[in-house]
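Colleague: Can you read through this structure? Questions will come right after.
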Amino acid sequence: IDIISLPPSDSFFFSPCYEFKIGFIQNTFENEKEILSFWLKGNTGLSTLLADKVQVYMLGGIKSYFAPEYENNTDLQAGIESGILTIVGPWKNHLYGAIYHAPFGITHTAIKTGLTERFKITDSFSILFDYSYNKNFDYNYHEGSIKVNYYF
């Protein structure tokens, strides 16, 4: 489950943003080992429009991975995320970055930066390209995906 709400605030109206994620994910652990973990993430923050169709946001919160391999069965991390969203014709662009630190157990910092491009073909059909650079512990890796979205 992946829910994010980024309503823009302005000088008259305060609109809090939030993000909530829950599910299972492969999480990087020490020595480049990946662990299937139950994942829970919650963030809150603010968003605003810099110009027509240019939106920036900043969120802060926690995320935690749960698996028996972790000390105390969890890898709890606190951090911030920020990004910029733009719309240019049929293209929706999302440039983002996140940094989370795990202060308990095995301390480490996780960094993720990336770019998502969505091309709208029709109101109910789009193609999405995503690339991210990730660093967790001493492990650096790149991720990429291509998705076809059909909205009904």
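Colleague: Where the second residue is assigned to a loop (DSSP other than H, G, I, E, B) and the first is at positive phi and lies in the stretch 54-72, which pairs have Cβ atoms under 8 Å and are six or more apart or on separate chains?
Modeller: Asn72/Phe104; Asn72/Gly105
Colleague: Sort through Lys147, Lys120 and tell me the only one that's open to solvent by 70 Å² or more (accessible area, probe 1.4 Å) and closer than 26 Å to Pro8 by Cα. Working first, answer last.
Modeller: Working: Lys147 fails: closer than 26 Å to Pro8 by Cα.
None of the other options fit; the residue is Lys120.
Colleague: I've got another one for you. Among the residues of the stretch 69-77, is any within 24 Å of Phe20 (Cβ to Cβ), open to solvent by 50 Å² or more (accessible area, probe 1.4 Å) and of a type in the set (Phe, Trp, Tyr)? I'd like the intermediate steps shown before the answer.
Modeller: First, the residues of the stretch 69-77 that are within 24 Å of Phe20 (Cβ to Cβ): 70, 72-77.
So of that shortlist, the ones also open to solvent by 50 Å² or more (accessible area, probe 1.4 Å) come out as 72-73, 76.
Okay, now just the ones that are also of a type in the set (Phe, Trp, Tyr), so none.
The answer is no; no qualifying residue exists.
Colleague: Tyr139 fails exactly one of the following numbered conditions: (1) of a type in the set (Ser, Thr, Tyr); (2) under 19 Å from Cys17 (Cβ atoms); (3) touching a residue at least 60 places away in the same chain (Cβ under 8 Å). What is the number of that condition?
Modeller: Failing condition for Tyr139: (2).
Colleague: How many residues does the stretch 8-30 contain that are touching a residue at least 40 places away in the same chain (Cβ under 8 Å) and not in a strand (DSSP E or B)?
Modeller: 3
Colleague: Follow-up question, since we're still on this one. I'm trying to understand the selection: among the residues of the stretch 35-54, which are more than 19 Å from Ile84 (Cα to Cα) and surrounded by 13 or more Cβ atoms within 10 Å (Cβ to Cβ)? Before you say what the answer is, go through the steps one by one.
Modeller: Filtering the stretch 35-54 down to residues more than 19 Å from Ile84 (Cα to Cα) leaves 35-42.
Hits for the stretch 35-54 are Ile35, Ser37, Phe38, Trp39, Leu40, Lys41, Gly42.
Colleague: Being acidic (Asp, Glu) and under 29 Å from Tyr65 (Cα atoms) is the filter; apply it to the stretch 1-22 and report the residue that is least open to solvent (accessible area, probe 1.4 Å). Before the answer, list the steps.
Modeller: In the first step, residues of the stretch 1-22 are kept if they are acidic (Asp, Glu); the result is 2, 10, 19.
Within this subset, residues satisfying the condition of being under 29 Å from Tyr65 (Cα atoms) are 2, 19.
Working: Asp2: 102, Glu19: 12 Å².
Per the stated criteria, the residue is Glu19.
The values are calculated or read from the model by the stated rules, or taken from the named source; none is laboratory data. On a predicted model such as this, the values are computed, not experimentally measured, just so you know. Methodologically, a virtual Cβ is constructed for each residue, glycine included, from the backbone with ideal geometry; neighbour enumeration extends over all protein chains shown. Heavy atoms of the whole protein, side chains included, go into the accessibility calculation; ligands, DNA and RNA do not. Shrake-Rupley method; radii C 1.70, N 1.55, O 1.52, S 1.80 Å.
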